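First the structure, in the form of structure tokens, and then the observations on it.
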Amino acid sequence: ALARPLVWPGLAHGHCTRALVEAALAKQGAFVESVALEVNSVHILKSAVEAGIGPTIMPLNLARREVDEGRLIARRIDCPGLNRRVGLCVSTRMPSTPARQAVADLIRQVVSDMCLQDQWPGSHVLTAGPA
């Protein structure tokens, strides 16, 4: 993908993939040489890739449907240090309620099930403290 100009999330966009990829590349003395297009919408980003403007780097789950339908091709990237950790965050200012705990438990269960059933490729569950 780095041999061609990338379709890339804009720098100001809250999407963390670009920062993660650029940091992992920098640790190896590499960098993204050229950007064909910067966009702030995952939908537009995927459409630009599908239209042939250039490749992109994104979590597979964001393009799962397009890959399954044969509209995009995904390849695994083996790059040391290229990983992302997500977590369930709650406010320390709001009191815990049974409803909040039930939602947190449900989210944990759904994420765990998705990881175990390979519905979230490349992911695994880490244990953490209570919500």
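Coordinate-derived values only; no laboratory data. The structure presented is a predicted model; accordingly, all values stated were derived computationally and were not measured. Heads up, the Cβs are rebuilt from the backbone with ideal geometry, glycines too, and the neighbour counts pull from every protein chain shown.
Compared with the rule-of-thumb size 2.2 N^0.38 Å for a compact globular protein, the chain has a Cα radius of gyration ratio of 1.24.
Treating the Cα atoms of the stretch 6-68 as identical point scatterers in vacuum, please give the log10 of the normalised Debye intensity I(q)/I(0) at q = 0.24 Å⁻¹, two decimals. Per q value, in the given order, log10 I(q)/I(0) is -1.07.
Which residue fluctuates the most in the chain, going by a Gaussian network model with Cα springs under 10 Å, if the choices are 47, 112, 96? Of 47, 112, 96, the most mobile in the Gaussian network model is 96.
Got the relative contact order for the stretch 6-68 handy, in percent, Cα pairs under 8 Å and 6 or more residues apart? Let's see the in-between values first.
On the way: 59 pairs, mean separation 28.5, N = 63.
Relative contact order, the stretch 6-68: 45 percent.
By other beta-carbon atoms within 10 Å, ranking 17, 56 with the fewest at the front produces 17, 56. Along the chain, counting only GluC sites (Glu not before Pro) with a DSSP assignment other than H, G, I, E or B and at most 13 other Cβ atoms inside a 10 Å radius, the longest segment between sites is 70-131. Entry note, the chain: relative contact order of 24 percent, from Cα contacts under 8 Å with a spacing of 6+ residues.
Coupling constants for the stretch 16-33 follow from the phi torsions by the Karplus curve (6.51 cos²θ - 1.76 cosθ + 1.60, θ = phi - 60°), and in residue order they are 8, 4, 4, 4, 5, 5, 5, 5, 5, 5, 4, 4, 9, x, 10, 7, 6, 6 Hz; glycine and proline get x.
Taking Cβ atoms as reference points and 15 Å as the exclusive limit, the residues near residue 6 contribute a net charge of 0, counting Lys and Arg as +1 and Asp and Glu as -1. Taking a Cβ cut-off of under 14 Å around residue 56, the surrounding Lys, Arg, Asp and Glu residues balance to a net charge of +1, with basic ones at +1 and acidic ones at -1.
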